[in-house]
Amino acid sequence: QVQLVESGGGLVQAGGSLRLSCASSGRTFSNYAMGWFRQGPEKEREFLATISGSATKIRYADSVKGRFTISRSNAANTVYLHMNSLKPEDTAIYYCAAGSSWGFSPTAYTYWGQGTQVTVSS
């Protein structure tokens, strides 16, 4: 089992920045690819970014490329999502996920955090 706990969400003005963290416990963190997703009101869960266990492979959704940065610290068992130039349409619940295979679909991930709310005001 892997337990994931997100933190760092909150209310920010448009153009601002936030850093989300996702702390992992349980099995060996570096064995897992990590992903960030979000789900807005009445929307499907949307892929944002993914990073392989060794951090050698990183991919972003077009909607956040150039604004969001995913990183991880295997020593700290934590994955991060740095978000810059935030827009009101970025408002959503943000989730981190862990999976043994690297991918863009939610189905590639086995373990999920409880989510953290990000609200961007205009």
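The values are calculated or read from the model by the stated rules, or taken from the named source; none is laboratory data. Note that this is a predicted model, so its numbers are computed, not measured. Ideal geometry is used to build each Cβ from the backbone, glycine not excepted, and the neighbour counts take in all protein chains shown. The protein model used for the area step is the full one, side chains on, heavy atoms only, and it has no ligands, DNA or RNA in it. Shrake-Rupley method; radii C 1.70, N 1.55, O 1.52, S 1.80 Å.
Among the residues making up region 73-89, those that are touching a residue at least 40 places away in the same chain (Cβ under 8 Å) and open to solvent by less than 50 Å² (accessible area, probe 1.4 Å) are 78, 79, 80, 81, 83, 86. Being closer than 23 Å to residue 12 by Cβ, in contact with a strand residue (DSSP E or B) (Cβ under 7 Å, 6 or more places away or on another chain) and surrounded by 16 or more Cβ atoms within 10 Å (Cβ to Cβ) is a property that holds for residue 92.
Which of the residues belonging to region 65-99 are of a type in the set (S, T, N, Q) and part of a loop (DSSP other than H, G, I, E, B)? Hits for region 65-99 are 74, 77, 84, 85, 91.
Among what's in region 31-43 and is of a type in the set (D, E, K, R) and modelled with pLDDT under 95, pick the residue that is farthest from residue 105 (Cα to Cα). My answer is 42.
Being free of Cβ contacts under 8 Å to residues at least 60 places away in the same chain and open to solvent by less than 40 Å² (accessible area, probe 1.4 Å) holds for only one residue in 52, 30, 63, and it is 52.
Filtered by the rule that a residue be over 12 Å from residue 39 (Cα atoms) and either modelled with pLDDT of 95 or more or assigned to a helix (DSSP H, G or I) (or both), region 100-109 gives 107, 108, 109.
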